[in-house]
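Please read the structure below before turning to the comments.
The values are calculated or read from the model by the stated rules, or taken from the named source; none is laboratory data. All figures in this text were calculated on a predicted structure; none of them were measured in a lab. Here Cβ is always computed from backbone atoms with ideal geometry, including for glycine, and neighbour counts include all displayed protein chains.
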Amino acid sequence: MLHNILLVVHLLVAIGVVALVLIQHGKGADAGAAFGGGASSTVFGSEGSGSFLTRATGVLATIFFITSLSLAYISTQKVNPTSIVDTVTEQKSDVPAAIETKPAKSTSDVPVSD
């Protein structure tokens, strides 16, 4: 149960990191913004979205690493697997020994060499 929850959180964080990285501008975009890029009209203020997106990416990356390590730790924990073969063997040992019967002689027309 915990493994499934961590896996879903891990996938959502991974998608979030990818989305935030794709939204961010590269370092070369700052020079273009100086020549009328319109940075003062952004939702995040005149400073632009750089610091907010950078912090959000850092937080999501940290969560991504924590969930990665948690999933790795959980997957290495040994769980006693229940095998069908082991279950059948245990059930056979509880049943009294069966009476051995010899197979009946065949009544077919095919000769059998002994």
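Assess whether residue 33 counts as being modelled with pLDDT under 95 and among the hydrophobic types (A, V, I, L, M, F, W, C).
Details: modelled with pLDDT under 95: yes; among the hydrophobic types (A, V, I, L, M, F, W, C): yes.
So residue 33 fits the description; yes.
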### Conditions (1) modelled with pLDDT under 95; (2) hydrophobic (A, V, I, L, M, F, W, C); (3) surrounded by 12 or more Cβ atoms within 10 Å (Cβ to Cβ); (4) farther than 16 Å from residue 21 by Cα; number of the one not met by residue 66
(1)
